[in-house]
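As structure tokens, the structure follows; a few thoughts come after it.
The values are calculated or read from the model by the stated rules, or taken from the named source; none is laboratory data. Please read these numbers as outputs of a predicted model, since none were measured by experiment. Virtual Cβ from ideal backbone geometry, glycine too; neighbours counted across all protein chains shown. To get the accessible areas, we keep the full protein, side chains included, count just its heavy atoms, and leave off ligands, DNA and RNA. Shrake-Rupley method; radii C 1.70, N 1.55, O 1.52, S 1.80 Å.
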Amino acid sequence: EDLLPRLAVVSRPRTTASHADTLASATMIQFDEHGFRRRVEEALVTLQKVLHSTRRPTFALDVPHSYEDKYLLAEFVTNCGLAAQCTCLEALGVGTQQLATLVEWSASETVTLRLAGRQRCTFLREEEREVESTSKVVKESTIFGKSEQKVVTRVNEWFWKIDVEWELVAYAGTMGGPRQLRLQGRSGSAQLKTTTSATPEPAGQVEFIPTEVPITWLLQQVKLPGGLVGAAHVLSFKIDRDAEGCRTPRRNPQVEAALHAARELCAWSKRVCQFMNQRIFSKAERCAKVQAHTGRGFLALIASTHQPSELFVPVLPLFEARPAEEEADAAGGDGDGGDGDGTL
């Protein structure tokens, strides 16, 4: 989703309609050429480590190519983006079997990812303890001489048990129906100590507001060869050049649908981060003493932590100039080489 809009820079719409001009202006406002080139250049450094030393991929702008190559590049980058999204789903617990099930559901119903959670705050006990002051009170008497006294303060403490759990499910149709698949979930608890009798969290069980995102369009781009469960899936995104709404490699219904689905998934990911930070991780920070519900307490709620800068996303709009004879061999081998000089 981050790189696909950049294709608008290569191919601006040739329509004169005000709506198309508005869309083009909005896309150009979002485009940061300097930042885009910097990220691609950094990715190229990583890419060169895994490519043969003779390979020289570079920006599409710097390689001669035909207009058809622009369509091929848009399809190639979109399929790479879809592969990255499928990898995210795999990290969320969508294995081969689960993916096949979800793809089957998407053929007839809307498939939705749903993150939900709940917490319960339970009062445990009240304790009273004595705290000695670090200072001393010295008294002198002409009869008994010098004596020392310590000040002792009685402190009341209240102990609470905080249980938190979350669950990620995928379902078809409406929630609660027969087609529901639990992807993963975790639970944990901790003991919280306060100096007042007021409950630190709402008493009883509280259901968090769930956050959802439809993934039907993404699943409809996944094809299982021969319909075999367990077979490697392929991504089949393709732009319909002959469709009435197709204007350019960027301005067409298929790319617009891809961008819309990617933006929805991106927005949902941000809501998930907010959900985890506010509802889960903040509880662990507040607890002075962790008492495990499953042996790990609130640590059981945390699957893993990665910084975005640590992740390499191979969604790169690149071309590579090749000798004519090598280009002819490539075209003859797969039939998708196009009629330009650039190669994806």
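Here are the numbers for the structure shown:
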item: Residue in the range 36-61 that is most open to solvent (accessible area, probe 1.4 Å), counting only those that are part of a helix (DSSP H, G or I) and closer than 25 Å to R241 by Cβ; result: L61
item: All positions within the range 151-191 that are in a strand (DSSP E or B) and free of Cβ contacts under 8 Å to residues at least 12 places away in the same chain; result: Q180
item: Residues of the range 61-97 satisfying the condition of being in contact with a Phe, Trp or Tyr (Cβ under 6 Å, 6 or more places away or on another chain) and among the polar types (S, T, N, Q); result: T78, N79
item: Residue list for the range 65-101, restricted to those being outside any helix (DSSP H, G or I), under 30 Å from L168 (Cβ atoms) and open to solvent by 20 Å² or more (accessible area, probe 1.4 Å); result: L92, G93, G95
item: Residue in the range 216-236 that is modelled with pLDDT of 90 or more, of a type in the set (D, E, K, R) and either open to solvent by 70 Å² or more (accessible area, probe 1.4 Å) or touching a helix residue (DSSP H, G or I) at 6+ places or on another chain (Cβ under 6 Å) (or both) present; result: no
